[in-house]
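Comments concern the structure below.
The values are calculated or read from the model by the stated rules, or taken from the named source; none is laboratory data. Because the structure is predicted, anything quoted here is derived from the model rather than measured. Using ideal geometry, Cβ is built from the backbone for each residue, glycine included, and neighbour counts are taken over all protein chains shown. Note: accessible area is taken over every heavy atom of the protein model, side chains too, but ligands, DNA and RNA are not part of it. Shrake-Rupley method; radii C 1.70, N 1.55, O 1.52, S 1.80 Å.
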Amino acid sequence: MTTTPHAITATGLRKAYGDHVVLDGLELAVAEGTVYALLGPNGAGKTTTVQILSTLVAADGGHITVGGHDPARDPRAVRAQIGVTGQFAAVDAKLTGEENLILMADLHHLGRQEGRRRTAGLLEQFGLTDAAKKLPEAYSGGMRRRLDLAMTLVGDPRIIFLDEPTTGLDPRSRHAMWQIVRELVADGVTVFLTTQYLEEADQLADRIGVLDGGRLVAEGTAEELKRLVPGGHVRLRFADPAAYERAARALHGTALDDEGLTLQIPGDGSARELKSLLDRLEAEAIEAESLSVHTPDLDDVFFALTTERSHNPAADAAVRKEALR
Amino acid sequence: MSTLSYAVADSATMLRRNLRHALRYPSMTIPVVAIPVVMLLLFVYVFGNALGSGVGPGAEGHYVDYVAPGIILMATTYGSVSVAVSVCSDMTEGIVNRFRTLSISRAAVLNGHVLGGVVQTLFSVVLVVGAALLTGFRPNATPLEWLATAGLLTLVVLALTWLAADMGLRARTVEAASNAPTPLTFLPFLGSAIVPTDSMPTAVRWFAEYQPFTPVTETLRGLLMGTEIGNSALIAVAWCLGLTVLGYIRARSAYDKG
């Protein structure tokens, strides 16, 4: 693993706007050809990180390499390798989809024929051929994002930054975007994405960094992060209080919710475990009304990691709310 | 390709983009022609008789010959509004961040706006000159003087466009950007565009004689109508070059900071 070349590295990355510290010693290492998701609530510093890595904003301190170059010292070498799709669709609203792509081809000096060829190919790949001659105002949110991403890909970047690529998209468009990202990675491109959707990180990323207060509070694969927090359990609900009482006595180590007649049994939800649980209820002749399995998801991880450090209950609640959206 | 030829190619790409915008959305360009033409009609047909006798003996009925160079100059100032707006809307719409992360010449985005603005404004100026000719403007300029007129107007437009680009970069909203160049559009009035400066109250006259539009107006009038130019031409060119450099430096620094 340690021999894999890194597409992006950052050590001790710092950035403050006035007194407001946005990044406070961020450490990153993204292996080539992988998807890295930077996960965090609004205001955690995700966009600032992308802006610094993509040469838009200068860092106050720390060392960065993107594609082997320092964005501060050699921005052109970095820009030649990256593609950036920002939070807000960066398309030219006064040009048609096709003209937008040709503009990018011209700025990449692809030449007229190659530019047209790539434009046609990308329109096809992103399902925009029918809308090619239309202005972006006629596009849906998902189409605009696809056009935006297609523009990013005109120059064949090796490293792609996606800043909240699916924020504001409906579920269908979100899944379409995920599929596109998966195809990109299959071609060996490195993707650095930020998201506030835990599911998105879980779906796409090889590694996930949880950003809070300007530094990573946890990092790993989705599975590794989930292992950080307990919380897997089976929940049994009973229709009548008598059955509930008996089950509570028969099953050891349970958490009780008397009001809801619900028992919570820690466990990983495997079939073997469920069978033994049901066998025990059967043996006692107790009938459960319903059974559900809860595995810890990234939400649990996120709350556990980002709330511990918070000292302000109001801010805490805001973080939870953001994360739930 | 060398760095310079990339810069030229990228600026040309951006110029094409801006001209396409202008063709597709002429609503910003139309006022550049329409306002000076309305002014021309007002000053020639409504105020012309009264103003004409004030301009000088023998000018009655030929006020159009006095005012037309001033009106033509006015068209250049309205062009700056559309440039400030188009620059500002680019900066606020996220597309500029895409341009900034591309490996293209840093100057290309602004060059495209400014060159596009110059082309648009000069096109409008030609239409205003045409309108002036239709209302009876009869310049006696030689082809060489026409060429000099075109050259001076190009310098004026270049200076105003870089200043406007800077205003567009520094404005936070498109509305603010469209208001920022308004003082520029009033400057010709406070010069010798409509009436000679010596008819003005002392304080205004002092301002009028030293502001850049007066030597430009006097030079245009001299080139087109054969009036005395004196050292106005030199002062006019110096103003244009100075303001171009000022606007360019300010705009580049605003863009690089942005």
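Just a few scattered comments:
- Amide proton proximity set for A:G168, modelled H, under 5 Å, gap of 5+: none
- Mean separation of Cα contacts under 8 Å (6+ apart) over length of chain B, as relative contact order %: 26 percent
- Ratio of the Cα radius of gyration of region B:182-236 to 2.2 N^0.38 Å, where N counts its residues: 1.06
- Cα gyration tensor shape for region A:76-175, rounded if a/c is under 1.5, else prolate or oblate: oblate
- Fully extended contour minus Cα-Cα distance, from B:A238 to B:T92, at 0.36 nm per residue: 49.2 nm
- nm² value of the averaged projected area, convex hull over the Cα atoms of chain A: 21.1 nm²
- Prolate/oblate/rounded call for region A:25-78, Cα gyration tensor, a/c under 1.5 rounded: oblate
- Carbon-plus-sulfur accessible fraction, the protein assembly as shown (probe radius 1.4 Å, protein heavy atoms only): 58%.
- Considering only B:A131, A:G45, B:S178, the residue lying farthest towards the positive end of the dipole of the protein assembly as shown is B:A131, judged by Cα position with unit charges set on Cβ.
- Here the Karplus relation 6.51 cos²θ - 1.76 cosθ + 1.60, evaluated at θ = phi - 60°, turns the backbone of region B:97-104 into coupling constants of 5, 5, 4, 5, 8, 8, 7, 10 Hz, with x for every Gly and Pro.
- Ratio of the Cα radius of gyration of the protein assembly as shown to 2.2 N^0.38 Å, where N counts its residues: 1.34
- Average other protein chain Cβ within 10 Å of Cβ, residues A:105-113: 4
- The charge dipole of the protein assembly as shown, taken about the Cα centre with unit charges on the Cβ atoms of Lys, Arg (+1) and Asp, Glu (-1), comes to about 1840 debye, rounded to the nearest 20.
- Inter-chain Cβ neighbour average for residues A:144-154, partner chain, 10 Å: 1
- Packing rank of A:24-30, A:280-286, B:197-203, B:251-257, where each peptide gets the mean count of other beta carbons within 10 Å, highest leading: A:24-30, B:251-257, A:280-286, B:197-203
- Solvent-accessible ranking of B:L115, A:L216, largest area first, probe 1.4 Å: B:L115, A:L216
- Cβ-defined net charge surrounding A:G214, 9 Å radius [Lys, Arg +1; Asp, Glu -1]: +1
- Cβ-Cβ FRET estimate between B:S253 and A:A285, R0 fixed at 60 Å, reported to 0.05: 0.15
- With a Förster radius of 25 Å applied to the beta-carbon distance between A:D130 and A:E199, the computed FRET efficiency rounds to 0.25.
- Residue mean of other protein chain beta carbons inside 10 Å, B:90-98: 6
- Rounded to 10°, Cα long-axis angle of helix A:271-283 versus longest principal axis of chain A: 20 degrees
- Between 0 and 90 degrees, the angle of helix A:241-250 with respect to the longest Cα principal axis of chain A falls at about 90 degrees.
- Remark: region B:3-257 carries a charge dipole of roughly 980 debye about the Cα centre, counting +1 on each Lys and Arg Cβ and -1 on each Asp and Glu Cβ.
- Each semi-axis of the equivalent ellipsoid for region A:159-224 is √(5λ) with λ an eigenvalue of the Cα gyration tensor; in descending order they amount to 20, 15, 11 Å.
- For the protein assembly as shown, with +1 on Lys and Arg beta carbons and -1 on Asp and Glu, the positive-most of B:S80, B:M39, B:S199 along the dipole: B:S199
- Per residue convex hull volume, Cα atoms of region A:217-287, in Å³: 101 Å³
- Overall size of chain B from C-alpha positions, given as principal axis extents largest first: 62, 38, 34 Å.
- Cα-based helix-to-principal-axis angle, B:30-41 vs chain B, degrees rounded to 10: 10 degrees
- Of the trypsin sites (Lys or Arg not before Pro) found in region A:74-134, those in coil by DSSP whose Cβ has at most 13 other Cβ atoms within 10 Å are A:K133.
- Selected from A:L263, A:V293, A:A239, residue furthest toward positive end of dipole (region A:233-294; charges at beta carbon): A:V293
- When the Gaussian network model of chain A links Cα atoms closer than 10 Å, the mean-square fluctuations of A:D19, A:D212, A:D170 top out at A:D19.
- Charge context of B:I104, other residues only, Cβ under 13 angstrom, K/R +1, D/E -1: +4
- Cα Rg, Dmax, region B:145-232, angstrom units: 14.9, 45
- Relative contact order for chain A: 19 percent, from Cα pairs under 8 Å spaced at least 6 residues apart, divided by residue count.
- Taking the centroid of alpha carbons for each part, region B:80-120 and region A:276-299 are 63 Å apart.
- Take the accessible area of A alone and of B alone, subtract that of the pair with a 1.4 Å probe, and the total buried over both chains is about 2400 Å².
- Rounded FRET efficiency, nearest 0.05, which uses the C-beta distance separating A:L278 from A:T9 and R0 of 51 Å: 0.50
- Cα-centred dipole magnitude for region A:233-294, charges only on beta-carbon of K, R (+1) and D, E (-1), debye, nearest 20: 220 debye
- Among residues other than A:L123 with Cβ under 13 Å from its Cβ, the summed charge is +2 (Lys and Arg +1, Asp and Glu -1).
- A straight line joining the Cα centroids of region B:1-47 and region B:148-209 runs 17 Å.
- Region A:88-164: relative contact order as a whole-number percent, Cα under 8 Å and 6+ apart: 42 percent
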